[in-house]
Amino acid sequence: MIDLLFLQVVGAVFLLLYAIRLTGQGFELAFSSAFDKAWSSAGGSRARAFAAGVAGTALLQSSGALVTLVISFAHVATLPLARSLGIVLGADIGSTLTVQVLSFRVHQFAFPVLSAGVFLYLWGRKGKVRAIGQGILGFGFMLLALRFLSEAAGDAGRIDGLRTLMAQLQDSPFTGFVLGALLAALFQSGTAVLILLIAFAKEGILAAPAVLPLVLGANVGGTAVAFVAASGLASEGKRVAWGHLAIKASGALLFLPLFPAALRVISAFSRDGAHLVANAHTLFNLSLALLFLPLVDRIASLLTRAIPTPKGSVPRGQPVFLDREHLPVAGAALGQVAREIVRMADMLQEMQEDAIEAIRSGDMARLERIARADDDVDRLTREIKVFLSTLGEGSLDSGQTQRATAYIAIVSDLENIGDFVDKTVTDHLRRLGERNQRFSEEGGRELVAFLTEVGSLYREAVSAFVTRDRNAARNVIDRRKEIGARERELRMAHIRRLQRGTPESLESSAAHLDILSSWKGIVFHCVSIAHAVSQMEG
């Protein structure tokens, strides 16, 4: 009997872990783009970041899943550390809602919930509906696992040795704390351990004094998932992981001296052992929010100093932000691509500045830099396209698919801009230098002015992409005719110099006209980027 009971408990625990993962993945797929918008627009408000964390965990049914998302976005987007910590504190509160619901005898609704999840997952016409169905299906499995655990706990309660072991935990709070932390770290889920505690406490196996240390340990050990998510990432993600651990551990250390008083308060509001677990979890995380939310700016400052950004540099042609080994959910992965695109855009801006300076001063060393940068851009383009192809259509909702398509188009436009800069300016200036020829003084000034104007349009297009500002994108589109008219004026001015017989103009005519034409082509690609931005969802 004991062997069968052990297998039932182990099987139920594995089902529970699978259910938590399934729920998180489904709701991540359905709502990750909404999280992106909410977090990006949270401004500097701690309260709004905190509320976003609460709402996010209420949707995902897993604070670990949400913290993983936060780490991914902190790594790939401009999500300030203080705001990330505010979201994490909110996520911890959101997790208490799930535990509170499960502390009631809701496992009797496992099969209706499973039925609803299966119906949406199999017959939903839209990807988002199927993703929600997957999340509901996972929650149904969670209820089913709780049902199996409750049944197993009832049988286990009749085993004298287990009752003796559980009774000893009430006299050794430190042992209970360590056990809870180890189980949560092993399962990579504090929520799973809390559900397990609910099942055992519901049957009276866990005494009240043993509950609080186990709950505190589960909260601290549950932060292990953050370190798994942050492994291999840059310092931004690691700061969130260490901040989460520091807040949980500090709170547990502050809570333990208040153990007797806290136990009396929690017991007074708890009908049974299951509610004791849920209320202890809620009280602990509410206390963390009240204590640490006002201090997130200071905590962020300490973490930034303790975990500095590495000074080592990655080769320019290699991606810095793309992380295949720990590929996050689709929304975060697209955020990684966006950040890499901005890095590529910065490289291209340097190429344009080098081109302008090479025309102005005749500095031939700039040409080698342009050629090397173009090779780096080409390599980075391939890496980004390969990374986007690994996402696959099955993991993207319609909005994310649209973003991925737009990113591919934008990367192609940027690559073409790099080719225009390299193939025209570099080749022509090198040939002029070999022949000891140069642009006329007036022609050189006109080229520098035109290239500077095109560079300004390019920066506007990149800025529109970074901010997803459709008004800025429309401004770029509207400026196309203006710059086209300017290119025609400069072409006619050059022709007039040819008619006057200006020697330098005669020598550099092919280079002059080709550069004007090519940089007009750059304008076309800037407008193409702006069109892609204007067509992306929010």
Residues (more than 20 Å from Leu290 (Cβ to Cβ) and touching a residue at least 40 places away in the same chain (Cβ under 8 Å)) located in the range 249-269: Ser267
Residue count for the range 267-283, restricted to those that are at pLDDT 80 or above, closer than 15 Å to Thr98 by Cβ and either not polar (S, T, N, Q) or not assigned by TED's automatic domain parsing to the domain that holds Ser103 (or both): 5
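Which one of Ala131, Ala145 is modelled with pLDDT of 75 or more, touching a His at 6+ places or on another chain (Cβ under 9 Å) and surrounded by 19 or more Cβ atoms within 10 Å (Cβ to Cβ)?
Numbers: Ala131 fails: touching a His at 6+ places or on another chain (Cβ under 9 Å).
That would be Ala145, the only listed residue that is modelled with pLDDT of 75 or more, touching a His at 6+ places or on another chain (Cβ under 9 Å) and surrounded by 19 or more Cβ atoms within 10 Å (Cβ to Cβ).
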Breaking point among (1) modelled with pLDDT of 80 or more; (2) closer than 30 Å to Val342 by Cβ; (3) touching a Leu at 6+ places or on another chain (Cβ under 6 Å), for Gly140: (2)
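How many of the residues making up the range 173-202 are aromatic (Phe, Trp, Tyr) and under 11 Å from Val220 (Cα atoms)? Working first, answer last.
Initially, the range 173-202 is screened for residues aromatic (Phe, Trp, Tyr), giving 174, 177, 187, 200.
Those left that are additionally under 11 Å from Val220 (Cα atoms): 177.
Residues meeting the conditions: 1.
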Selection status of Ile515, among the β-branched types (Val, Ile, Thr), crowded, with 20+ Cβ neighbours inside 10 Å and at pLDDT below 85: yes
Residue list for the range 348-375, filter: over 15 Å from Leu429 (Cβ atoms) and either without any contact (Cβ under 8 Å) to a residue 12 or more places away in the chain or surrounded by fewer than 18 Cβ atoms within 10 Å (Cβ to Cβ) (or both): Gln349, Glu350, Arg372, Asp375
First in the range 498-510 and free of Cβ contacts under 8 Å to residues at least 24 places away in the same chain, second anywhere and part of a helix (DSSP H, G or I), Cβ under 6 Å, 6 or more apart: Leu498/Ser505
Selected residue (only one of Ala207, Ala181 is closer than 22 Å to Ser287 by Cα and either at pLDDT below 70 or among the small types (Gly, Ala, Ser) (or both)): Ala181
Selected residue [out of contact with any Phe, Trp or Tyr (no Cβ under 6 Å at 6 or more places or on another chain) and at pLDDT below 70] from Leu4, Leu79, Leu114: Leu4
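Table: residues versus (1) under 30 Å from Gln108 (Cβ atoms); (2) at pLDDT 75 or above; (3) not assigned by TED's automatic domain parsing to the domain that holds Phe292.
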site	(1), (2), (3)
Ala152	yes, no, no
Ala218	yes, yes, no
Phe227	no, no, no
Gly243	no, yes, no
Ala246	no, yes, no
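The values are calculated or read from the model by the stated rules, or taken from the named source; none is laboratory data. These numbers come from a predicted model, not from an experiment. Using ideal geometry, Cβ is built from the backbone for each residue, glycine included, and neighbour counts are taken over all protein chains shown.
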